[in-house]
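Enquirer: Following this message is one structure expressed as structure tokens.
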Amino acid sequence: MKTLIRNIRRPILEGDSLLIRDGKIARVGDGLDDDADTVIDAKGTTVMPGLIDSHVHPVFGDFTPRQRTVDFIDSMMNGGVTTAISAGEVHLPGRPRDVVGLKALAIVAAKAYANFRPGGVKVHAGAPILELGMVENDFAEMAAAGVRLVGEIGLGSVRSGKDAAPMVRWAKTHGMTVTIHTGGPSIAGSSPINADVVLEAAPDVVGHINGGTTSMTPAEIERLVATDMALEIVQCGNMKTALHTLRVATAARATHRIIIGNDAPSGTGVIPLGVLRTLALLAALGGMPPAEAVACATGNTARVYKLGVGTLAEGREADLVVCDAPTGSVGTDALSALAAGDLPGISMVLIDGKVTIGRSRNTPPAARAAEVVKGHGAAVGGH
């Protein structure tokens, strides 16, 4: 199956046309003309990679007991999120804390979401919360069963850098990407984690560096920006230290290490447009070039987690968001709308090259909306 998107606005794409074949980007260029099964006219609007939410707390299916909400992942997709990464299935009622139970939960979550995509979203789940008593063979066993993540260190009994460090090494040895909680406690039984703990543990990702919800001090943030770890800014955190992180990372030429997450569902709630809101924060109040902000929620995260999404290039998975300035914005396109503090209006989302929605039911309407001019598209969303 082939899909052609034409009449695309620069600068995110190096060309005005994009050809998709069997779920992957086949060609990018100017004036592509192909006898595609589906042809989409972008109407001079922006096509960007599907957004990646780097910090989600799923359980099973598309339900969150933390907020007693259904279809929250589908709602995220209506906010442009096409990939979600679990930071731990911590909200499961009765979550097991023994080693056998936590391994079982991680394996089941990884396998369940590999078989089920809520709203089409690719959920990478099975992120065990580390507990004391784990040995290297536990990580080998989980890895062999398909577990590729370690959830937020600090939400279980492993709370010190000394206890975490060997487990982080074992996890990395077996191909897992490791996140650590930072800042004050977020759920019952969790612990505050400061920069000293993070530096001793040496994970891949500094989870919610701006707090989830309570932040570390600016001085601690500066110490962690000086490392080579990914710096995760979340919507359900402290906005003041989010902007401080951006300023320090910009000065250190480290913005390529910033990634974006919601950290929802949480006590802050379910925020379907949270990733877009964070991009607007960085661009409008932080002064980050809007295209670079988009990269924080796409290619930067894909690089950290070794994903085949997040970049508009040949051979990459065709997860795409077609968007424009919202009706009434001072912006003239999606990027200038972000720079003005407005959220883009999404007129179409594609996952693996297939249209999953037309007009988003959650964003404001796009000033110009993409249209399927050949073939079949999804039903248009509404408000």
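Enquirer: Taking the Cα centre of each part, how many Å lie between the range 160-174 and the range 228-302?
Expert: 26
Enquirer: May I pose another question? Using the basic label-point model (7 angstrom from Cα toward the beta carbon), what is the residue 115 to residue 60 distance in nanometres?
Expert: That separation, rounded to one decimal, is 1.1 nm.
Enquirer: Same structure, new question: Where does each of 205, 100 land when they are ordered by accessible area, with a 1.4 Å probe and the largest first?
Expert: Heavy-atom accessible area, descending, gives 100, 205.
Enquirer: While we're on this one: Got a number for the accessible area of residue 361? Probe 1.4 Å, square angstrom, nearest 10.
Expert: 90
Enquirer: What's the Kirkwood radius of the range 76-203 in Å, using all Cα pairs?
Expert: Radius from the Kirkwood sum: 14.8 Å.
Enquirer: Between residue 162 and residue 240, what is the FRET efficiency for a Förster distance of 45 Å, r being their Cβ-Cβ separation, to the nearest 0.05?
Expert: Efficiency at R0 = 45 Å is approximately 0.90.
Enquirer: Another question about this same structure. For the range 1-108, what class follows from the C-alpha gyration tensor (a ≥ b ≥ c being the square roots of its eigenvalues): rounded when a/c is under 1.5, otherwise prolate if a/b is larger than b/c, else oblate?
Expert: prolate
Enquirer: Per residue of the range 164-176, in order, report the coupling 6.51 cos²θ - 1.76 cosθ + 1.60 (Karplus, θ = phi - 60°) as ³J(HN,Hα) in whole Hz, putting x for Gly and Pro.
Expert: Per residue, the Karplus-derived 3J(HN,Hα) values read 6, 3, x, 5, 4, 4, 4, 4, 5, 4, 9, x, 9 Hz.
Enquirer: Where Rh denotes the Kirkwood radius from the mean inverse Cα pair distance, what is Rg over Rh for the range 247-374?
Expert: 0.97
Enquirer: Still on this structure: Taking the Cα centre of the chain as the origin, how large is its charge dipole in debye, to the nearest 20, when only Lys and Arg (+1) and Asp and Glu (-1) carry charge on their Cβ atoms?
Expert: Here the chain has a charge dipole of around 240 debye.
Enquirer: Given 4 °C and 1.567 mPa s, compute D for the range 276-335 with the Stokes-Einstein relation, Rh being the Kirkwood radius over Cα pairs; round to the nearest whole µm²/s.
Expert: 102
Enquirer: For the range 258-269, take each phi angle, set θ = phi - 60°, evaluate the Karplus expression 6.51 cos²θ - 1.76 cosθ + 1.60, and give the result in whole Hz per residue in order, putting x for glycine and proline.
Expert: For the range 258-269, the Karplus-derived couplings read 7, 10, 10, x, 8, 6, 9, x, 8, x, 6, x Hz, x marking Gly and Pro.
Enquirer: Right, next: For the range 121-131, what does the Karplus curve 6.51 cos²θ - 1.76 cosθ + 1.60, with θ = phi - 60°, yield as ³J(HN,Hα) per residue in whole Hz, taken in order and with x for Gly and Pro?
Expert: 5, 7, 9, 8, 10, x, 10, x, 8, 5, 10
Enquirer: Let me ask something additional. Once you charge only the Cβ atoms, +1 for Lys and Arg and -1 for Asp and Glu, what is the size of the charge dipole of the range 236-327 about its Cα centre, to the nearest 20 debye?
Expert: The dipole of the range 236-327 has a size of about 420 debye.
Enquirer: Which of 78, 110, 45 sits closest to the plus end of the dipole of the range 32-119, meaning its Cα is farthest towards the positive end, when Lys and Arg get +1 and Asp and Glu get -1 on the C-beta?
Expert: It is 110, whose Cα lies furthest towards the positive end.
Enquirer: Largest first, how would 232, 220 line up by accessible area (1.4 Å probe)?
Expert: Working: 232 0, 220 40 Å².
The ordering from most to least exposed comes out as 220, 232.
Enquirer: Let me ask something else about it. Would you list which lysines come within 27 Å of residue 122, measuring only between C-alpha atoms, while excluding same-chain residues fewer than 8 positions from it?
Expert: Within the straight-line limit of under 27 Å, residue 122 reaches these lysines: 2, 24, 103, 111, 172, 306, 354, 374.
Enquirer: While we're here: Hey, what number do you get for the chain at 222 nm if only DSSP H runs of n ≥ 4 count, each worth -39500 (n - 2.57), divided across all residues, to the nearest 500?
Expert: Helix contribution divided over all residues of the chain: -7500 deg cm²/dmol.
Enquirer: Here's a follow-up. Largest first, how would 66, 247 line up by accessible area (1.4 Å probe)? Don't jump to the answer; show the numbers that get you there.
Expert: Working: 66 90, 247 140 Å².
Largest accessible area first, the residues go 247, 66.
Enquirer: Tell me, what is a quarter of the convex hull surface for the C-alpha atoms of the chain, in nm² with one decimal?
Expert: For the Cα atoms of the chain, the hull's average projected area reads 16.9 nm².
Enquirer: While we're here: Computed over the Cα atoms of the range 203-316, what is the ratio Rg over Rh, Rh following Kirkwood?
Expert: Using only Cα positions, Rg/Rh for the range 203-316 is 0.95.
Enquirer: Along the charge dipole of the range 201-263, Cβ charges K/R +1 and D/E -1, which of 250, 212, 229 sits furthest on the positive end?
Expert: The listed residue farthest towards the positive side: 250.
Enquirer: Can you give the accessible area of residue 332 in Å² (nearest 10), computed on protein heavy atoms with a 1.4 Å probe?
Expert: 90
Enquirer: To continue, here is another question. Mind putting a number on the dipole of the range 270-383 about its Cα centre? Charges go on the C-beta only, +1 for Lys and Arg and -1 for Asp and Glu, and I need it in Debye to the nearest 20.
Expert: The dipole of the range 270-383 has a size of about 220 debye.
Enquirer: Now for a different question. Where does the range 175-236 land on Rg(C-alpha)/(2.2 N^0.38 Å)?
Expert: 1.02
Enquirer: In the Gaussian network model of the chain, springs joining C-alpha atoms below 10 Å, which of 37, 74, 324 carries the largest mean-square fluctuation?
Expert: Comparing 37, 74, 324 in the GNM, the peak value goes to 37.
Enquirer: Name the residues whose placed amide hydrogens come within less than 5 Å of the amide hydrogen of residue 374, ignoring near sequence neighbours (fewer than 5 apart) on the same chain.
Expert: HN-HN under 5 Å from residue 374: 39.
Enquirer: In whole Å, how far is the Cα centre of the range 1-40 from that of the range 316-383?
Expert: That distance is 16 Å.
Enquirer: Please give the FRET efficiency for residue 92 paired with residue 303, using the beta carbon to beta carbon distance and R0 = 35 Å, rounded to the nearest 0.05. It would help to have the intermediate numbers written out before the result.
Expert: On the way: r = 30 Å, r/R0 = 0.85.
With R0 = 35 Å, the Cβ-Cβ based efficiency is 0.75.
Enquirer: Let me ask you something else. Compute the relative contact order of the chain as a whole-number percentage, counting only Cα pairs closer than 8 Å that sit 6 or more residues apart in sequence.
Expert: Rounded, it is 19 percent for the chain.
The values are calculated or read from the model by the stated rules, or taken from the named source; none is laboratory data. Nothing here was measured: the structure is a model prediction, and the numbers come from that model. We place every Cβ from the backbone using ideal geometry, glycine too, and count neighbours over all the protein chains shown. Heavy atoms of the whole protein, side chains included, go into the accessibility calculation; ligands, DNA and RNA do not. Shrake-Rupley method; radii C 1.70, N 1.55, O 1.52, S 1.80 Å.
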